[in-house]
Amino acid sequence: MKKYKSISHFWNNNKLIWMDWRHNVESTPIQRLHSYQIARDKDKAICITTSDFTQNGKIEAEKTRVVLIK
């Protein structure tokens, strides 16, 4: 299992924001972010990276409606 030490997350208003600045973001963090969003009853989930998103990460974000920011 890949460890995401560079990941941090926080809540702002009713949005869950997830940041990763060291890796290309794959589908696993997107799925985890979506799970957090549902479990914590947040309106929106946002994933921010200074790297990029893999194709699988982009597909998962589209399915789960997680907003991607690069």
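A short reminder: the numbers here are calculations on the coordinates, not readings from a lab. Fair warning: this is a prediction, and the values are worked out from it, not measured in the lab.
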The equivalent-ellipsoid semi-axes of region 25-70, taken as the square roots of five times the Cα gyration tensor eigenvalues and listed largest first in whole Å, are 17, 10, 8
Region 60-70 - phi-based ³J(HN,Hα) in whole Hz, Karplus 6.51/-1.76/1.60, Gly and Pro as x | 5, 5, 5, 5, 9, 6, 7, 7, 9, 10, 10
May I ask you to evaluate 6.51 cos²θ - 1.76 cosθ + 1.60, the Karplus curve with θ = phi - 60°, for each residue of region 38-45 and list the ³J(HN,Hα) values in order in whole Hz, giving x for glycine and proline?
-> 5, 5, 9, 6, 9, 6, 9, 10
